[in-house]
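The values are calculated or read from the model by the stated rules, or taken from the named source; none is laboratory data. What you see is a predicted model, and the numbers here were worked out from it, not measured in a lab. Don't worry about glycine lacking a Cβ; one is built from the backbone with ideal geometry, like all the others, and counts go over all protein chains shown.
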Amino acid sequence: MAGLFRLARPVNCLMSALGVAIGGFVALGTGTTASIEPLKSLVLAGAAAALFTAGGNALNDIYDRETDRINHPDRPLVSGALTVRAAYAFTAVVFVAAAILAVFINVYAVAIVVVNAGLMLSYEAALKARGAPGNLVISYLVGSLFLFAGVAVLPFAPDALVRTGILAALAFLATLGREITKDIEDIRGDADRRTLPQRLGARRAGALAASALVLAGVLSFLPIYFRVLPLAYGAFVIPADGMFIYAALHSAASPSRSQRITKYGMIVALAAFLAGAFL
């Protein structure tokens, strides 16, 4: 059990559930939280996201066990605490459990879980080594947390779906910028991967990462344009945009700093969406 617990990486699972919770409350906003049904769906969605993340982490350890012998020798598959067969069984069980929970939400939630499971398997089996396609898949998976929350709590409310859709797009772009920046930092060590920095060079890849981060900042003002969040929300999101711009300017020259600032910017943006939903 200790090996399975480490395989799942519970802190990551908790973060996924928290992301869904934030997305759900952004979707609900004010005036709809009195209804208990959306909140029940949100709890189910958070649990499904946590289980799905546990399965994704297990797949990661299964496919990375050779490199983990050097980089992470304490992980359960490498240390012998778990067998590969047990890890596969655990992955199947938690993915199926996530899909079963989604059945009790709605058909849109089930579709997202099924699609994401296929993408996660494709990523670990093939797309990770191909660089850009892998970056896109990881970015989508992060953004889909908020989309998942939106369709779970209010699948037929246009304003709620616009809010969570924009938040999902912002998360996608910020994660894409961060993933490319990470590949710039690891360009010398990625001998077995064909990343964007290896194909285009660090400077051009940095320009793409910067473009994604700047576009994330631009998207952050769409809720005001569509009038799904109040004007005061802008005061909360401006610091996040400043962080995205700062990260964009340093994506090629200082990729480590850019990654760190992008992560902080995403946290501030999440807080801005959450505050804006309840203003």
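Quick notes
- Test: residue in region 222-236 that is buried (at least 19 other Cβ atoms within 10 Å of the Cβ), under 20 Å from the mean Cα position of the chain (by Cα) and not acidic (Asp, Glu): no
- Residue under evaluation residue 85, criteria (1) under 26 Å from residue 152 (Cβ atoms); (2) of a type in the set (D, E, K, R); (3) free of Cβ contacts under 8 Å to residues at least 24 places away in the same chain, criterion not met: (1)
- Residues of region 208-228 satisfying the condition of being among the aliphatic types (A, V, I, L, M) and more than 16 Å from residue 171 (Cβ to Cβ): 208, 210, 224, 228
- Here residue 252 fits the description: surrounded by 18 or more Cβ atoms within 10 Å (Cβ to Cβ), over 28 Å from residue 21 (Cα atoms) and hydrophobic (A, V, I, L, M, F, W, C).
- Reported count of residues in region 157-190, each being over 30 Å from residue 29 (Cα atoms) and assigned to a helix (DSSP H, G or I), is 7.
- Candidate set: region 119-131, residues that are more than 16 Å from the chain's Cα centre (by Cα) and surrounded by 19 or more Cβ atoms within 10 Å (Cβ to Cβ); chosen: the one modelled with the lowest pLDDT: 131
- Criterion: farther than 20 Å from residue 271 by Cβ, part of a loop (DSSP other than H, G, I, E, B) and not assigned by TED's automatic domain parsing to the domain that holds residue 106 - qualifying residue of 204, 193: 193
Yes or no, residue by residue, for (1) free of Cβ contacts under 8 Å to residues at least 40 places away in the same chain; (2) surrounded by fewer than 20 Cβ atoms within 10 Å (Cβ to Cβ); (3) in the same structural domain as residue 18 (by TED's automatic domain parsing):
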position: 42; (1), (2), (3): no, no, yes
position: 71; (1), (2), (3): yes, yes, yes
position: 114; (1), (2), (3): yes, yes, yes
position: 136; (1), (2), (3): no, yes, yes
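- Against the list (1) of a type outside the set (Phe, Trp, Tyr); (2) buried (at least 16 other Cβ atoms within 10 Å of the Cβ); (3) more than 23 Å from the chain's Cα centre (by Cα); (4) under 29 Å from residue 123 (Cβ atoms), the condition residue 201 fails is (2).
- Residues that are touching a residue at least 12 places away in the same chain (Cβ under 8 Å) and surrounded by fewer than 16 Cβ atoms within 10 Å (Cβ to Cβ) within region 96-105 comprise just one, 104.
- Residue count for region 116-126, restricted to those that are farther than 30 Å from residue 156 by Cβ and without any contact (Cβ under 8 Å) to a residue 24 or more places away in the chain: 3
Per-residue answers, yes or no, for (1) within 26 Å of residue 216 (Cα to Cα); (2) touching a strand residue (DSSP E or B) at 6+ places or on another chain (Cβ under 6 Å); (3) hydrophobic (A, V, I, L, M, F, W, C); (4) modelled with pLDDT under 95:
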residue	(1), (2), (3), (4)
102	no, no, yes, no
105	no, no, yes, no
109	yes, no, yes, no
114	no, no, yes, no
139	yes, no, no, no
160	yes, no, yes, yes
187	yes, no, yes, yes
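- Residue match in region 249-269 (condition: assigned to a helix (DSSP H, G or I), aromatic (Phe, Trp, Tyr) and touching a residue at least 40 places away in the same chain (Cβ under 8 Å)): no
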